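Undergrad: Sharing a structure below in structure tokens format, with a few things to ask.
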Amino acid sequence: MLLKGKTAIVTGGARGIGKEIALTLAKEGASVCVCDVNDQGLEDTAKELSSLGVGALGLKVDVTDFSQVQNMVQKVLDKFSKIDILINNAGITRDNLLLRMKEDEWDTVLNVNLKGTFNCTKAASKAMIKQRAGKIVSIASIIGLTGNAGQSNYAASKGGMISFTKSVAKELACRNINVNAIAPGFIQTDMTAKLPQDLREEMLKLIPLNRLGEASDVANLALFLVSENSRYITGHVIQVDGGMVM
Ligand code: NDP
């Protein structure tokens, strides 16, 4: 029970990596608020969290809207009195080559991935600063380190999350708040299920461990980064990619 008595917020927690992180933290004793725009998934995750015997809250929140995010933080404080952990996981792709990319595809991806991370970090860190303790982990991507043709919007958002992480880690270190990022490689979720089979096979050739990652591979690192076992680690981006980018 690494997280007994702790309270966590996980954005985009209705499915995929976010859901796996929420359940992993709950299994270690944390009360968890999952937020998402996906109503049905949210309800299912909240039920699964409750069945683990921890405090659970499922809130419909669009992370691009700061007032909705502030409202969520207030509801978590009302119910659990504190926020120890924030996982910035909500993220989307709208892939296209630069010359074909519509302004809307650029704006939507930057808004959800990067502005959403800013909104949630700003709102939750206010409570953490008062508590003089906290752990913030943002789910970036190896694409934020390497770039990728057809994903300039996504790469810019994830690269932005990485430099945002380092800046905020420097700002909040004196308040005993650790801020880190995880850069997953190719993880099996609904997000990657929509990729064409030939592209999946090409990507597999680039992974030394010769398999796709699972959501639990990311969740296990998230657990380490929000536990006291990583108390001397801040401002880092750690890859979970089967050796894809070295
Ligand atoms: P999924 O698409 O499976 O899940 C993302 C969740 O975020 C969905 O439930 C989605 O809702 C929700 N969401 C989307 N927009 C918003 C919003 N504005 N506010 C709140 N919630 C929102 O993605 P993954 O689990 O695969 O990915 C999770 C994170 O990990 C993302 O940030 C992604 O970029 C990152 N990542 C994933 C990799 C992978 O290989 N899967 C690799 C590297 C990074 P809805 O269902 O309505 O879309």
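Undergrad: Exactly one of (1) touching a Ser or Thr at 6+ places or on another chain (Cβ under 8 Å); (2) more than 28 Å from GLY159 (Cα to Cα); (3) in a loop (DSSP other than H, G, I, E, B) is unmet by GLY58. Its number?
TA: All conditions pass for GLY58, except number (3).
Undergrad: In this structure, is SER167 surrounded by fewer than 18 Cβ atoms within 10 Å (Cβ to Cβ) and small (Gly, Ala, Ser)? Lay out the reasoning, then the answer.
TA: Details: surrounded by fewer than 18 Cβ atoms within 10 Å (Cβ to Cβ): yes; small (Gly, Ala, Ser): yes.
Considered against the rule, which asks whether it is surrounded by fewer than 18 Cβ atoms within 10 Å (Cβ to Cβ) and small (Gly, Ala, Ser), SER167 comes out as yes.
Undergrad: Given the structure, is PHE66 of a type in the set (Phe, Trp, Tyr), at negative phi and over 20 Å from the mean Cα position of the chain (by Cα)?
TA: Taking the combined requirement at face value, the residue does not satisfy it.
Undergrad: Listed residues LEU97, LEU77; which is farther than 27 Å from GLY160 by Cα, surrounded by fewer than 20 Cβ atoms within 10 Å (Cβ to Cβ), of a type in the set (A, V, I, L, M, F, W, C) and more than 8 Å from the ligand (Cβ to nearest atom)?
TA: Numbers: LEU97 fails: farther than 27 Å from GLY160 by Cα.
Within the list LEU97, LEU77, the selection yields LEU77.
Undergrad: Could you list all residues from the range 21-39 that are outside any loop (DSSP other than H, G, I, E, B) and more than 8 Å from the ligand (Cβ to nearest atom)?
TA: Within the range 21-39, ILE21, ALA22, LEU23, THR24, LEU25, ALA26, LYS27, SER31, VAL32, CYS33, VAL34, ASP39 qualify.
Undergrad: Looking only at the range 1-19, how many residues end up being within 13 Å of the ligand (Cβ to nearest atom) and either surrounded by 24 or more Cβ atoms within 10 Å (Cβ to Cβ) or on the phi > 0 side of the Ramachandran plot (or both)?
TA: Residues of the range 1-19 within 13 Å of the ligand (Cβ to nearest atom): 9-19.
Imposing the further condition that a residue be either surrounded by 24 or more Cβ atoms within 10 Å (Cβ to Cβ) or on the phi > 0 side of the Ramachandran plot (or both) reduces the set to 9-14, 16-19.
Selection size over the range 1-19: 10.
Undergrad: Take the residues in the range 160-188 that are part of a strand (DSSP E or B) and among the aliphatic types (A, V, I, L, M); name whichever of them is farthest from the chain's Cα centre (by Cα).
TA: Among those residues, the one meeting the criterion is ILE177.
All of the numbers you see were taken from the coordinates with simple rules; none came from a lab. Just so you know, these numbers come straight off a predicted model, no measurement behind them. All Cβ positions, even for glycine, are placed from backbone atoms using ideal geometry, and neighbour counts span all protein chains on display.
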